[in-house]
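The values are calculated or read from the model by the stated rules, or taken from the named source; none is laboratory data. This one's a predicted model, so the numbers in the text were calculated from it and none came from an experiment. Cβ atoms come from the backbone with ideal geometry, glycine included; neighbour counts cover every protein chain shown. Ligands, DNA and RNA are excluded from the accessible area calculation, which covers all protein heavy atoms including side chains. Shrake-Rupley method; radii C 1.70, N 1.55, O 1.52, S 1.80 Å.
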Amino acid sequence: QDNNNISTGDGNRIVVVPLVGLGCASGVREAHVTSALQVGYTYVDTAQAYRWGYHEDEVGAALGKVTHHNDTIRTEVFVQTKIAPEDLGYEPTKAAVQVSLKRLGVSYLDAVLIHKPRCWEGACPHEPIGTWRDSWKALEEDVDAGIIRAIGICDVDARLLKELLQQRIPPHIIQNWMDPLH
């Protein structure tokens, strides 16, 4: 199965996410992403939070370098990014999506996640002007416009998941931190 949208007949779309991808935080730079794409990785997961070790612009440079030599690779590579929590709110999220498109050098994003559903002390350089709900509405509109294929959120508990499942477009992707101790 490929990464194309598949119609289910009821107006819903299924977006296929590759099973294995390259997380582009914690020191992953352009050369690492370029090498991963050249050896066949088809999923890159980045974010706008440079302070957390992401380099969205370098992921874009790697995508540009590899796709320059192979025009079909962009349709084969699933590009996912995340909106920083200080950009929660309708207008900031709309603007952040445009920033990611430019940094990554792409015309659409396969997935955009809300990196955190809220700010907490010391996490954000400034308080957001809105909530994850406002951001969700902006992301839903970008899905409708074809700018984003799938939307999601990180760090979700059961209460938040229940509310998310009631949204006009429920989450396609939930990304939670899980390990044997968490």
With respect to K94, determine if the residue is basic (K, R), crowded, with 23+ Cβ neighbours inside 10 Å and modelled with pLDDT of 95 or more.
no
Which of the numbered conditions does A123 fail, given that it passes all the others? Conditions: (1) open to solvent by 40 Å² or more (accessible area, probe 1.4 Å); (2) modelled with pLDDT under 95.
(1)
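With respect to L113, determine if the residue is over 17 Å from the mean Cα position of the chain (by Cα) and outside any loop (DSSP other than H, G, I, E, B).
Criteria not met by L113.
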Select from the stretch 126-182 the residues that are out of contact with any Phe, Trp or Tyr (no Cβ under 7 Å at 6 or more places or on another chain), assigned to a helix (DSSP H, G or I), buried (at least 17 other Cβ atoms within 10 Å of the Cβ) and among the hydrophobic types (A, V, I, L, M, F, W, C) and list them in ascending order.
W132, W136, L139, V143, L164
Output the qualifying pairs, or none if there are none: Cβ atoms under 6 angstrom, residues six or more apart or on different chains, first residue in the stretch 155-174 and of a type in the set (V, I, T), second residue surrounded by 16 or more Cβ atoms within 10 Å (Cβ to Cβ) and modelled with pLDDT under 95.
I174/V156
The stretch 23-35 - residue that is surrounded by fewer than 20 Cβ atoms within 10 Å (Cβ to Cβ) and in contact with a strand residue (DSSP E or B) (Cβ under 9 Å, 6 or more places away or on another chain) and, of those, nearest to I151 (Cα to Cα)
G23
